[in-house]
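Input: a single structure, listed below in structure tokens.
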Amino acid sequence: MIESIIITAFLTSLITLIIFRPLAIKFNLVDYPTERKNHIGNIPLIGGICVFLGLLTSYFFFIEFDKFSSALLITASLILIHGVWDDFTNLKAKTKIAFQAFISAIMIYVTDVKLESLGDLFGVSYPLELGILSIPITIIAVIALTNAINMIDGLDGLAAGIVLIAITGLICFNLTLEFSPFTSILLAVASALLPFIIFNIAPYPKIKVFLGDGGSLFLGYIISWALIYSAENINNFTPSFALWCVAIPLFDFFTVIIIRIVKKHSLMIARKDHIHHFLENLGFSK
């Protein structure tokens, strides 16, 4: 079954990338070069859609249905649709955050999965129980990481690569456990990401594609709930360990916020103040 999940997700993602690329150009679902975006040509924003279709196909044919995985797939699809709509219309940041909070609240209500404690996050000898704060902190955590992945998606292969590394770590941590629907979903997402990464880092404009806001928000949402689920359901997988799985996007997210507050810049307007921008300015290649 593992081989079937990998092959199906990979091939579905690959085939849809090939089919949807000209359609995206036809329907103007593309990213235009700007002063902040120095890519060549109009690049289709279909990566997230194709990764989702790879996951969806594998799920329907080879992954066992359960409450958490089904709810995750449905709510993640809503995040993707909302993000694709944002790619078309450029929604306000407050609208996107409000929608993400609403979807996260639905996920908590349906699955009852949430952060119950922060573990030994601050080095104390007893876990920090969240109590009545568990729901709002879970929603904030999902929104923060979802948008952290979205914000760091400014370099070919960066956001997808970070998510792929996090998923690989989660799968390796679960190797001694029964191959559950949760682990199968992670494997399907990782497999579907591989064709996208190839298309994304390709130096040829005629095949290059981007994740788009829909794709980066979708991946951020998936990995957020994967880490929360793992922290609450897997022995020895603590919230502090979960943070290390996504240390780079979280570091970038909070650093950018601090920089913009100090410089009195708008938190919502995209700027060249992310970690990859600084590295490029230092002369490092992509």
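The values are calculated or read from the model by the stated rules, or taken from the named source; none is laboratory data. Nothing here was measured: the structure is a model prediction, and the numbers come from that model. Cβ atoms come from the backbone with ideal geometry, glycine included; neighbour counts cover every protein chain shown. For accessibility, only protein heavy atoms count, side chains too; no ligands or nucleic acids. Shrake-Rupley method; radii C 1.70, N 1.55, O 1.52, S 1.80 Å.
Worth a mention:
- D_trans [Stokes-Einstein, Kirkwood Rh over alpha-carbon pairs] for segment 125-214, 25 °C, 0.890 mPa s, µm² s⁻¹: 158
- Projecting the Cα atoms of 158, 8, 246 onto the charge dipole of the chain, computed from C-beta unit charges around the Cα centre, puts 158 farthest toward the positive end.
- Stokes-Einstein D (µm²/s) once Rh is taken as the Kirkwood radius of the chain over alpha-carbon pairs, at 37 °C in 0.692 mPa s: 170
- In a simple Cβ point-charge model (Lys, Arg +1; Asp, Glu -1; nothing else charged), the chain has a dipole of about 1120 debye relative to its Cα centre.
- With 0.36 nm allotted per residue and the present C-alpha distance subtracted, the residue 135-residue 173 stretch has 11.1 nm of extension available.
- 5 angstrom amide H check on residue 30, placed H, neighbours 5+ away: 45
- Per residue solvent-accessible surface (Å²) - the chain, probe of 1.4 Å: 51
- Probe 1.4 Å - accessible area at residue 84, Å² to nearest ten: 30
- Sequence ranges 266-273, 141-148, 196-203, 162-169, ranked by mean other-Cβ count within 10 angstrom, highest first: 141-148, 162-169, 196-203, 266-273
- Neighbour net charge for residue 143 - beta-carbon separation under 14 angstrom, K R +1, D E -1: +3
- Helix content alone sets the calculated 222 nm mean residue ellipticity of the chain: runs of n ≥ 4 DSSP H residues at -39500 (n - 2.57) each, divided across all residues, give -22500 deg cm²/dmol.
- For the cross-link pairs 96/208; 26/208; 26/206; 67/114, the ones whose C-alpha atoms lie over 20 Å apart are 96/208.
- Qualifying GluC sites (Glu not before Pro) for segment 177-286 [loop in DSSP, other Cβ within 10 Å: at most 12]: 178
- Exposure rank, largest accessible area first [73, 128; 1.4 Å]: 128, 73
- Largest to smallest in accessible area, the residues 4, 230 fall in the order 4, 230 (1.4 Å probe, all protein chains included).
- Principal semi-axes in Å for segment 200-248 [√(5λ), Cα gyration tensor, largest first]: 31, 11, 8
- Set of aspartates and glutamates with alpha-carbon distance to residue 264 below 14 Å, sequence-local pairs under 8 removed: 273
- Accessible-area composition of the chain, carbon plus sulfur, in percent [1.4 Å probe]: 69
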